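Report on the structure given below.
The values are calculated or read from the model by the stated rules, or taken from the named source; none is laboratory data. Everything quoted here is computed from the prediction, not taken from an experiment. Neighbour counts are summed over all protein chains in view; Cβ atoms, including those assigned to glycine, are modelled from backbone coordinates with ideal geometry.
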Amino acid sequence: MSKALDSLVDLLNLEQIEVNIFRGRSPSDWRQRVFGGQVAGQALVAAGRTVPEDRPVHSLHAYFIRPGDPAVPLVYIVDRVRDGRSFTTRRVSAIQHGKTIFTLSASFHHPEPGLEHAEAGPAVPPAESIPQPDHEYFSGNPIDMRFVSPLSDEARAHPSARTEHNLVWLRADGDLPDDPLLHVCLMTYASDLTLLDSVLRRHGLSWADGQIAGASLDHAMWFHRPFRADRWLLYDQESPIAAGARGLARGQVFTERGDLVVSVMQEGLIRRRS
């Protein structure tokens, strides 16, 4: 396990300070505000800690309400909404400075048989054949990422290389323990790294050019099948619409065999700087 991944796993290991109350922190080297994938992953850890291990999470729906302050701890308060025969529901609020900055609702389901069908993953080069990106943003990242599609700033510089789909191979940068909750929480963290890039791609823009200010507004995920976050996963991302200074992005996550394991939706604030 790389040092960066070890630090992220430690970040997701919340401190329980009371029944249904957990405390998390932010990395000391983070930027002006708490990364959305971090608070979503930590909130899912808090919810999962109150649910029996035989009920894996199957969906989450979250709202980013206020920017997080990386200089102070995050307090996660879990509301045990329902414990049914097949489903368990939890609602989590993340608190800083006495105010709610983030809310998450998660549903957990005891596995059972049923109808099955799924879309197949797209045909792309294998992850190992693609070099790691030579970009400072990805240095020291706990998630190993290999971009099938050009980076957004590369697509901006070379319009002929622009693609509507943002295809990225990703995996945790090291081996992980056999803890299903940890794997889904790491995927929750990783799902927020590149998703809104698909909105900018439609317009030939990049975060790096300084023209756009953006922030995640809400985030939803559906976990269809078990998977390992330390094995290669293909993240296929696109944006069907942008309007009213908001952009909608959606993603599908496939295993190397082409099995669809996770679906993602996110709306983000996308503003042009004056």
The lone exception for Lys99 - which of (1) surrounded by 13 or more Cβ atoms within 10 Å (Cβ to Cβ); (2) in contact with a Lys or Arg (Cβ under 8 Å, 6 or more places away or on another chain) it fails: (1)
Looking across segment 72-85 at residues that are more than 15 Å from Gly98 (Cβ to Cβ) and surrounded by fewer than 22 Cβ atoms within 10 Å (Cβ to Cβ), the single one that is farthest from the chain's Cα centre (by Cα) is Arg85
In segment 223-251, residues that are surrounded by 14 or more Cβ atoms within 10 Å (Cβ to Cβ), assigned to a loop (DSSP other than H, G, I, E, B), of a type outside the set (Phe, Trp, Tyr) and touching a helix residue (DSSP H, G or I) at 6+ places or on another chain (Cβ under 9 Å) total 3
List the pairs whose first member sits in segment 200-211 and is surrounded by 14 or more Cβ atoms within 10 Å (Cβ to Cβ), whose second member is hydroxyl-bearing (Ser, Thr, Tyr) and not in a loop (DSSP other than H, G, I, E, B), and whose Cβ atoms are under 6 Å apart, counting only residues at least 6 apart or on separate chains? Leu200/Ser152; Arg201/Ser152; Arg202/Ser239; Ser206/Ser152
Could you tell me whether segment 27-38 includes any residue that is over 18 Å from Asp192 (Cβ atoms) and surrounded by 19 or more Cβ atoms within 10 Å (Cβ to Cβ)? no
(1) assigned to a strand (DSSP E or B); (2) in contact with a His (Cβ under 7 Å, 6 or more places away or on another chain) all hold for Phe254 apart from (2)
The one condition Ala245 fails out of (1) in contact (Cβ under 8 Å) with a residue 60 or more places away in the chain; (2) more than 18 Å from the chain's Cα centre (by Cα) is (1)
Looking only at segment 257-274, which residues are assigned to a strand (DSSP E or B) and farther than 16 Å from Leu186 by Cα? Leu260, Met265, Gln266, Glu267, Gly268, Leu269, Ile270, Arg271, Arg272
For segment 39-69, which positions are at pLDDT below 95 and closer than 18 Å to Leu8 by Cβ? Gly68
For Met1, the lone unmet condition from (1) surrounded by fewer than 15 Cβ atoms within 10 Å (Cβ to Cβ); (2) part of a loop (DSSP other than H, G, I, E, B) is (1)
Of (1) in a loop (DSSP other than H, G, I, E, B); (2) exposed (fewer than 15 other Cβ atoms within 10 Å of the Cβ), Arg55 fails just (2)
Any residue at all in segment 11-29 that is acidic (Asp, Glu), in a strand (DSSP E or B) and free of Cβ contacts under 8 Å to residues at least 60 places away in the same chain? yes
Just a yes or no: is a residue in segment 212-222 over 21 Å from Val34 (Cβ atoms), buried (at least 19 other Cβ atoms within 10 Å of the Cβ) and touching a residue at least 40 places away in the same chain (Cβ under 8 Å)? no
Would you mention how many residues in segment 85-110 are without any contact (Cβ under 8 Å) to a residue 40 or more places away in the chain, in a loop (DSSP other than H, G, I, E, B) and under 16 Å from Ser59 (Cα atoms)? 1
